[in-house]
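Everything on this sheet refers to the single structure shown next.
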(Lines give C-alpha, C1' and ligand atoms only; values in the text may rest on other atoms or scores of the structure.)
Protein backbone atom coordinates (compact mmCIF):
# COMPACT_ATOMS: atom_id res chain seq x y z
CA UNK A 1 0.00 0.00 0.00
CA UNK A 2 1.10 3.51 -0.69
CA UNK A 3 0.39 6.72 1.16
CA UNK A 4 -0.16 9.45 -1.42
CA UNK A 5 -0.49 12.26 1.11
CA UNK A 6 2.53 14.02 -0.40
CA UNK A 7 1.29 13.51 -4.00
CA UNK A 8 4.42 11.81 -5.32
CA UNK A 9 4.95 11.87 -9.08
CA UNK A 10 5.70 8.14 -9.34
CA UNK A 11 2.40 7.32 -7.66
CA UNK A 12 0.53 9.71 -9.94
CA UNK A 13 2.11 7.99 -12.97
CA UNK A 14 1.02 4.56 -11.77
CA UNK A 15 -2.50 5.74 -11.00
CA UNK A 16 -2.71 7.17 -14.51
CA UNK A 17 -1.41 3.93 -16.05
CA UNK A 18 -3.95 2.00 -13.98
CA UNK A 19 -6.68 4.36 -15.23
CA UNK A 20 -7.39 5.41 -11.64
CA UNK A 21 -7.60 8.96 -10.39
CA UNK A 22 -8.38 8.32 -6.74
CA UNK A 23 -7.19 5.93 -4.11
CA UNK A 24 -7.58 3.38 -2.63
CA UNK A 25 -5.77 1.46 -5.31
CA UNK A 26 -3.69 -1.58 -4.48
CA UNK A 27 -0.31 -1.42 -6.19
CA UNK A 28 2.56 -3.77 -5.40
CA UNK A 29 5.98 -2.38 -6.30
CA UNK A 30 8.66 -4.90 -7.32
CA UNK A 31 12.20 -4.42 -6.07
CA UNK A 32 13.36 -3.33 -9.53
CA UNK A 33 10.62 -0.73 -10.09
CA UNK A 34 10.36 1.17 -12.50
CA UNK A 35 12.04 -1.35 -14.81
CA UNK A 36 9.31 -3.80 -13.79
CA UNK A 37 5.93 -2.05 -13.53
CA UNK A 38 3.80 -1.97 -10.42
CA UNK A 39 1.26 -4.76 -10.07
CA UNK A 40 -2.33 -3.56 -9.85
CA UNK A 41 -4.78 -5.48 -7.69
CA UNK A 42 -8.53 -5.11 -7.33
CA UNK A 43 -9.87 -3.24 -4.32
CA UNK A 44 -10.90 -6.53 -2.73
CA UNK A 45 -8.01 -8.96 -2.71
CA UNK A 46 -8.75 -12.67 -2.53
CA UNK A 47 -6.28 -15.22 -1.17
CA UNK A 48 -5.84 -16.46 -4.76
CA UNK A 49 -4.96 -12.91 -5.89
CA UNK A 50 -2.38 -12.61 -3.12
CA UNK A 51 -0.81 -15.93 -4.10
CA UNK A 52 -0.60 -14.84 -7.77
CA UNK A 53 1.19 -11.65 -6.79
CA UNK A 54 3.60 -13.55 -4.55
CA UNK A 55 4.34 -15.97 -7.40
CA UNK A 56 4.96 -13.05 -9.78
CA UNK A 57 7.22 -11.34 -7.25
CA UNK A 58 9.22 -14.56 -6.99
CA UNK A 59 9.55 -14.64 -10.80
CA UNK A 60 10.77 -11.05 -10.78
CA UNK A 61 13.26 -11.82 -8.01
CA UNK A 62 14.59 -14.73 -10.08
CA UNK A 63 14.85 -12.57 -13.23
CA UNK A 64 12.13 -14.47 -15.08
CA UNK A 65 10.08 -12.72 -17.75
CA UNK A 66 6.37 -12.43 -17.41
CA UNK A 67 3.48 -10.05 -17.46
CA UNK A 68 1.36 -8.93 -14.55
CA UNK A 69 1.97 -5.20 -14.30
CA UNK A 70 -0.15 -2.26 -15.17
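The values are calculated or read from the model by the stated rules, or taken from the named source; none is laboratory data. What you see is a predicted model, and the numbers here were worked out from it, not measured in a lab. A quick note on method: Cβ atoms are made from the backbone with ideal geometry, for glycine too, and the neighbour counts reach across all protein chains shown.
Criterion applied to 70, 23, 60 was being at pLDDT below 80, out of contact with any strand residue (DSSP E or B) (no Cβ under 7 Å at 6 or more places or on another chain) and not in a strand (DSSP E or B), and the one residue passing it is 23. Within the range 33-57, the residues that satisfy the criterion of being part of a loop (DSSP other than H, G, I, E, B), surrounded by 11 or more Cβ atoms within 10 Å (Cβ to Cβ) and out of contact with any strand residue (DSSP E or B) (no Cβ under 9 Å at 6 or more places or on another chain) are 33, 34, 36, 37. The C-beta contact set for the range 45-57 (first residue touching a residue at least 12 places away in the same chain (Cβ under 8 Å), second residue outside any helix (DSSP H, G or I) and surrounded by 14 or more Cβ atoms within 10 Å (Cβ to Cβ), distance under 6 angstrom, 6+ apart or interchain) comprises 53/28; 53/39; 56/68.
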